[in-house]
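The structure under discussion appears below in the form of structure tokens.
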Amino acid sequence: MAFLNEHYLKLKAGYLFPEIGRRVKAFNDAHPDAAKRLIRCGIGDVTEPLPAAVIAALHRAVDEMGVRETFRGYGPEQGYDWLRAAIAHHDYRAKGLDVADDEIFVSDGSKCDCGGILDVLGSANRIAISDPVYPVYVDTNVMAGHTGEADSGGAYGGLVYLPCTPQNGFIPEPPQEAVDVVYLCSPNNPTGAAATRAQLQSWVDYALKHRAILLFDGAYEAYITESGIPHSIYEIPGARECAIEFRSFSKNGGFTGVRCAFTVVPKTLMARTAAGEKRALHPLWQRRMTTKFNGVSYLVQRAAEALYSTDGQAQVGQLLAHYLGNAEVLVAGARAAGLTVHGGRNAPYIWVETPAGHTSWQAFDKILREANVVITPGSGFGSKGEGYFRVSAFNSRANAEEVARRLQDLKW
Ligand code: MLT
């Protein structure tokens, strides 16, 4: 009989969002009337249609695929040159940041890349992760065998947890001890907090000092509204020597169902062999992509390219304004309900303290049962998420307003 990967057996029962889905389905089956008025503010999945520029680009690309002369088969595994160039230009060089076209790797999602990056990192790394955190960072390390077992609080042996609390504004601080790999997410999922330049500089300084690598998840950068908050880790001097950046078109262009993202691996980023030899990670990631991936479809890459057109940029701006407007409505509604609220300013998530005496899952059940609204329990993101719940602003305006009203009607 074949052997299985026993590291999977260390994982908690289910990934957070399927578990929420299971509970919501059970509720809906038992209460078909309440199910009709259910509003989902759980998983951060976009609700608004794709920008018109994207739809036009998709139509054009479909037509090209129907003609022998313009038909495309396999594309480059790392992405078509024109998309890599558009990304490097618009997101980096036009903003004064030094990123070359061939440091951009186009993929089908940041979730996949956050997990896949472990392929090119060794197994002896000491890994630091925020708490609360996007669960993918933890679970992929568990799967790769980089952790011990989970304790009764759900914390895995071997990981260094960095608490994110109201005291540090939900931004993790560099630990005293040396670690080799650090996951950072700003603006943050789930707390909605955005790291300042000084906070990111302290992380880059830490990484350079300890020769650590920062895995910087910037999937929500487009939601930054405050000036002075960095949109990219490469705004911080020294980051090209220590950081990989993950970006996504899911939350700005509404591509959660279209699937397109990219990862920046600077050619100046080094890691070491067990023998102590310094080697660049860029060729390893390139090798990994060409072996394990056959590229994002031509249609989707043309759709992503359209997001950078003048029309595309204006339409993305409208989408962002819509979701940020929802966040404002939700923050105001939750505050009017007497709740203490964080986030929602530079991010599409609001992070709400559960009223005293309620755990995150108790709040989830109460809000589902009594308000017929799905939220995400903070404890699903880590032990320091206990006592919070996350409300996603990805919705129609009418639904956001209705959720704000229902939160005010709840008696805790
Ligand atoms: C979330 O709700 O945390 C995100 O939608 C998950 C994701 O982007 O994969």
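Quick test for you: out of Lys384, Lys366, pick the one residue that is closer than 13 Å to Thr191 by Cα and charged (D, E, K, R). Reasoning before the result, please.
Working: Lys366 fails: closer than 13 Å to Thr191 by Cα.
Exactly one of Lys384, Lys366 is closer than 13 Å to Thr191 by Cα and charged (D, E, K, R), namely Lys384.
Can you spot a residue in the stretch 3-12 that is surrounded by 12 or more Cβ atoms within 10 Å (Cβ to Cβ) and under 22 Å from the mean Cα position of the chain (by Cα)? Explain how you work it out, then say what you get.
Residues of the stretch 3-12 that are surrounded by 12 or more Cβ atoms within 10 Å (Cβ to Cβ), as a first pass: 7, 10-12.
Going one step further and asking which of them are under 22 Å from the mean Cα position of the chain (by Cα), we end up with 11-12.
Yes, there is a match, as at least one residue in the stretch 3-12 is surrounded by 12 or more Cβ atoms within 10 Å (Cβ to Cβ) and under 22 Å from the mean Cα position of the chain (by Cα).
Residue check, Thr256 against (1) away from the ligand (no atom under 16 Å from the Cβ); (2) polar (S, T, N, Q); (3) surrounded by fewer than 18 Cβ atoms within 10 Å (Cβ to Cβ), all met but one. Which one?
The failed condition is (1).
Among the residues of the stretch 346-382, what is the count of those that are assigned to a strand (DSSP E or B) and among the aromatic types (Phe, Trp, Tyr)? Break it down into steps so the answer makes sense when it comes.
Let us first name the residues in the stretch 346-382 that are assigned to a strand (DSSP E or B), namely 349-353, 373-374, 376-377.
Next cut, among the aromatic types (Phe, Trp, Tyr) only: 349, 351.
Total satisfying the criteria: 2.
Return only the number of the condition from (1) within 16 Å of the ligand (Cβ to nearest atom); (2) of a type outside the set (Lys, Arg); (3) on the phi > 0 side of the Ramachandran plot; (4) in contact with a Ser or Thr (Cβ under 8 Å, 6 or more places away or on another chain) that Gly228 does not satisfy.
Single failed check for Gly228: (1).
Restricting to the stretch 103-130, and then to whatever is within 15 Å of the ligand (Cβ to nearest atom) and among the acidic types (Asp, Glu), can you tell me which residue is surrounded by the fewest Cβ atoms within 10 Å (Cβ to Cβ)?
Selected residue: Asp108.
Given the options Ala327, Ala314, Ala303, name the one that is surrounded by fewer than 19 Cβ atoms within 10 Å (Cβ to Cβ) and part of a helix (DSSP H, G or I). Lay out the reasoning, then the answer.
Working: Ala327 fails: surrounded by fewer than 19 Cβ atoms within 10 Å (Cβ to Cβ); Ala303 fails: surrounded by fewer than 19 Cβ atoms within 10 Å (Cβ to Cβ).
Answer to the selection: Ala314.
Return the total of residues in the stretch 378-390 being free of Cβ contacts under 8 Å to residues at least 60 places away in the same chain and either out of contact with any Gly (no Cβ under 7 Å at 6 or more places or on another chain) or within 13 Å of the ligand (Cβ to nearest atom) (or both).
So the answer is 1.
Do any residues in the stretch 251-268 that are modelled with pLDDT under 95 have Cβ atoms under 9 Å from those of residues that are more than 12 Å from the ligand (Cβ to nearest atom), where the two are at least six apart or on different chains, and which pairs are they?
Correct list of pairs: empty, since none qualify.
Please work out which residue is farthest from the ligand (Cβ to nearest atom), limiting yourself to the stretch 21-50 and to residues that are surrounded by 15 or more Cβ atoms within 10 Å (Cβ to Cβ) and not in a loop (DSSP other than H, G, I, E, B).
Ala34
Which condition breaks for Ala393 when tested against (1) touching a helix residue (DSSP H, G or I) at 6+ places or on another chain (Cβ under 9 Å); (2) free of Cβ contacts under 8 Å to residues at least 12 places away in the same chain?
(2)
Table: residues versus (1) farther than 27 Å from Glu386 by Cβ; (2) among the aliphatic types (A, V, I, L, M).
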| position | (1), (2) |
| --- | --- |
| Lys12 | no, no |
| Val24 | no, yes |
| Gly44 | no, no |
| Pro51 | yes, no |
| Val54 | yes, yes |
| His59 | yes, no |
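Would you check if there is a residue in the stretch 71-78 being in contact (Cβ under 8 Å) with a residue 40 or more places away in the chain and either within 16 Å of the ligand (Cβ to nearest atom) or within 17 Å of Phe216 (Cα to Cα) (or both)? Steps first, answer last, please.
Taking the stretch 71-78 as the starting set, the residues that turn out to be in contact (Cβ under 8 Å) with a residue 40 or more places away in the chain are 72, 74-78.
Narrowing the set further to residues that are either within 16 Å of the ligand (Cβ to nearest atom) or within 17 Å of Phe216 (Cα to Cα) (or both) leaves none.
Within the stretch 71-78 (the criterion being in contact (Cβ under 8 Å) with a residue 40 or more places away in the chain and either within 16 Å of the ligand (Cβ to nearest atom) or within 17 Å of Phe216 (Cα to Cα) (or both)), the answer is no, since none of the residues qualifies.
Six or more apart or on different chains, Cβ atoms under 6 Å: show the pairs whose first residue is in the stretch 34-49 and in the same structural domain as Ala327 (by TED's automatic domain parsing) and whose second is within 15 Å of the ligand (Cβ to nearest atom) and at pLDDT below 95.
Listed pairs, sorted by first residue: Gly42/Ile20; Ile43/Phe17.
The values are calculated or read from the model by the stated rules, or taken from the named source; none is laboratory data. The structure presented is a predicted model; accordingly, all values stated were derived computationally and were not measured. Counting neighbours? That spans all protein chains shown, and the Cβs are built from the backbone with ideal geometry, glycine included.
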